[in-house]
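Have a look at the structure below, then the notes.
Each reported figure results from applying straightforward, stated rules to the coordinates on display, with no laboratory input. Predicted model only: the values in this text are computed from it and were never measured.
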Amino acid sequence: MVDFGRIIGNYLTFSNIFYNISVNCQMENTESTEEIYKQARNQHALLDRRLKMLLKKSYLTAQEELEMKVLKKKKLYYKDIMDKTGHIQKREEKG
């Protein structure tokens, strides 16, 4: 039987971690945009590899399906960071 309470708890934990990461990224202005971009790119690649591993499976459990949804949202989050820092880097290079 699927323990949805535990799954939702895990999801909320991931959400809190994401919130903390985004706040930390915004607050740590000492890091260059290039460094933030590299970190986001590395995280995006790690998430992509895990997603590909899950997609190779012929059957996913309920927890793995939820994990895929969370991984996809995390990938989008890091993609957004990459896009934002990429635009900032381009402006800095022009200006």
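Per-residue 3J(HN,Hα) values for the stretch 43-55, derived from phi via the Karplus relation 6.51 cos²θ - 1.76 cosθ + 1.60 with θ = phi - 60°, read 5, 4, 5, 4, 5, 5, 4, 5, 4, 5, 4, 5, 5 Hz in sequence order (x marks Gly and Pro).
Here the gap between Leu76 and Asp48, fully extended at 0.36 nm per residue and compared with their Cα-Cα distance, gives a gain of 9.0 nm.
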